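Following: one structure in structure tokens, then a few remarks.
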Amino acid sequence: MAHIGFKSRERRSDRRATYSLIALFALSSSSVAMAQTNRPTEKEPPAVNTSFEELQLFADTFDAIRRGYVEDVTDAELFEMAVKGMLTSLDPHSAYLTDDDYENLQESTEGQFTGLGIEIGYRRGFIAIVTPIDGSPAIDAGLKAGDVILKIDGTSTQGMSTSESSTYMRGPEGTTVTLEIGRAGESQPFDVVVTRGVIDVPSVRSRELDDGYWLIRVSRFQRDSGREVTSSIESALEKGDVKGVVLDVRNNPGGVMNASVEMASNFLDGGLVVYTKGRHPDSMNTYNAEPGELLPGVPVVVLVNGGSASASEIIAGALQDRGRAVIMGTQSFGKGSVQTVLPVSETKALKLTTSLYYTPNGRSIQAEGIVPDVVVERAQLTSLEQGNRLREADLNRSIENTGSTVETESEAIATLREDDNQIYEAFTLLKGINVYQSLGATPLSDIDADSEDSSLGEY
């Protein structure tokens, strides 16, 4: 039922408020236009040209809500809702950052915060898990990349912004939150209780897989991640000859873009890593690796999957385009946009998508992702040989080989084959590259297809 009829004094007051609102927006529009006209360039975006009718429509809507909504809503609350609505309607990554949101963003780039340990995005209007962070409460609770969060403590996430959902999921260490999860392959949603904890996981870990072969695992891109990879490589070189490196950025949601450029400098001798283009001239930038790579000539395999996003895709795309690494795994997430944090007060900011990034060959991976050179699905492998075959050494009175030099697969590598087949395949490829190079083999492209050289073998 519409309620009409207000006292004339109230109407005059409301009208003055409406006109003040229009004036405020008109002033903001003219300020933006003036700021832009101070940048004379052909690539300059068009100046803001908001009509009075559009401002009047906004002001009338604002006034109607303020006066007629069933519950009292302050002007400040309505303004904040309007700003949030403008940003969330643009794309999944633009957002209005409140006091807590801004603080949480700053914490995440430093590598420590209190929460569940998940990177989130949107799927069909709901909040979805892009990837859980290594060693986090989310991992302990069994959450997986691709899980859709339908409810948080009974509150539906449909239409909820990522910043709003973060507010629900953050909380004091030791407290719990109940997530209703929808998962592919499950007929019904189910609840998962997660205990909040301090997420303080090093962004980079490294270990030697086999003699001279190293695995460098990067879980996310924080401010110091590039330097941490440098330290890992330097430590490996101190221990001896490095024969190959597996750079693992699977389930890495990205983070600080500059960290990916610093990381690429370990594997590239200068040159282009990534460039960005947007509507505004300030969004057009190029990022180059520092000269002097640490591992010249050492083969590198980069592991990616559907949880590898943003900065992970930057380094994978750069090393792929520059012919410096073999990309292995499955197609990456496809987040090719760049967000700029624009403070609007001491405690609030806008996270605004301002540009797209491009690989050295000019590829935009937005909504496409990085396609691996070698596709290897994550799988549980079972050996077809059960170890019960009879061999020469098992025969009665067989002659013992006292001068054997046969190298067998180490127990660690055999275990790796069962635990993580993608890392195992990357390690195997690295060994194959080194064997091929040690033989001084003729590149396949140089072999005459009509050759009758018997050294090629019989098939």
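Taken together, the values in this text are just the output of simple stated rules run on the coordinates, not laboratory data. In this text, all values refer to a predicted model and were calculated from it rather than measured experimentally. Counting neighbours? That spans all protein chains shown, and the Cβs are built from the backbone with ideal geometry, glycine included.
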> Which FRET efficiency value, to the nearest 0.05, do you get for Lys243 and Asn421 by plugging their Cβ-Cβ distance into 1/(1 + (r/R0)^6) with R0 = 30 Å?
Replying inline: 0.90
>> 5 Å is the cut-off here: which amide hydrogens, built 1.01 Å from N in the peptide plane, fall below it relative to Thr131, excluding neighbours closer than 5 in sequence?
In response: Glu119
> Amide H neighbours of Gly369 under 5 Å, counting only residues 5+ apart in sequence or on other chains, H built in-plane at 1.01 Å?
Replying inline: Gly334
> If only Cα atoms are counted, what is the Rg of region 126-201, and what is its Dmax, in Å?
Replying inline: 11.8, 35
> What number, in percent, do you get for the relative contact order of region 116-164 if the mean sequence gap of Cα pairs under 8 Å and at least 6 apart is divided by its residue count?
Replying inline: 37
> Between Val302 and residues 5 or more places away or on another chain, which pairs have amide H atoms under 5 Å apart, with H built 1.01 Å from N, and which residues are they?
Replying inline: Leu247, Val326, Ile327, Met328
>> If I stretch the segment between Arg227 and Phe52 completely, what's the gain in nm (0.36 nm per residue apart, minus their alpha carbon distance), one decimal?
In response: 57.8 nm
> How far, in nm, would the chain grow between Glu368 and Thr61 when pulled straight, counting 0.36 nm per residue and subtracting the alpha carbon separation?
Replying inline: 106.6 nm
> Taking θ as phi - 60°, what are the ³J(HN,Hα) couplings along region 357-369 by the Karplus curve (6.51, -1.76, 1.60), each to the nearest whole Hz, with x for Gly and Pro?
Replying inline: 9, 9, 6, x, 8, x, 7, 9, 9, 4, 6, 10, x
> Can you work out ³J(HN,Hα) from phi for every residue in region 212-223, in order, using Karplus 6.51 cos²θ - 1.76 cosθ + 1.60 and θ = phi - 60°, giving whole Hz and x for Gly and Pro?
Replying inline: x, 10, 10, 10, 10, 9, 10, 8, 6, 9, 9, 4
> Length gain on complete extension for the stretch Arg279 to Ser187, per 0.36 nm per residue less the alpha carbon to alpha carbon distance?
Replying inline: 28.7 nm
> Once phi is turned into ³J(HN,Hα) by the Karplus curve 6.51 cos²θ - 1.76 cosθ + 1.60 with θ = phi - 60°, what whole-Hz value does each residue of region 243-255 show in order, with x for glycine and proline?
Replying inline: 9, x, 10, 9, 9, 9, 10, 5, 6, 9, x, x, x
> What FRET efficiency do you get for Ser398 and Tyr436 if R0 is 35 Å and r is their Cβ-Cβ distance, rounded to the nearest 0.05?
Replying inline: 0.50
>> As a footprinting exposure proxy, order Asp75, Asp394 by other Cβ within 10 Å, with the fewest listed first.
In response: Asp394, Asp75
> Among Val193, Val304, Val130, which comes first, second and so on when ranked by fewest other beta-carbon atoms within 10 Å?
Replying inline: Val193, Val130, Val304
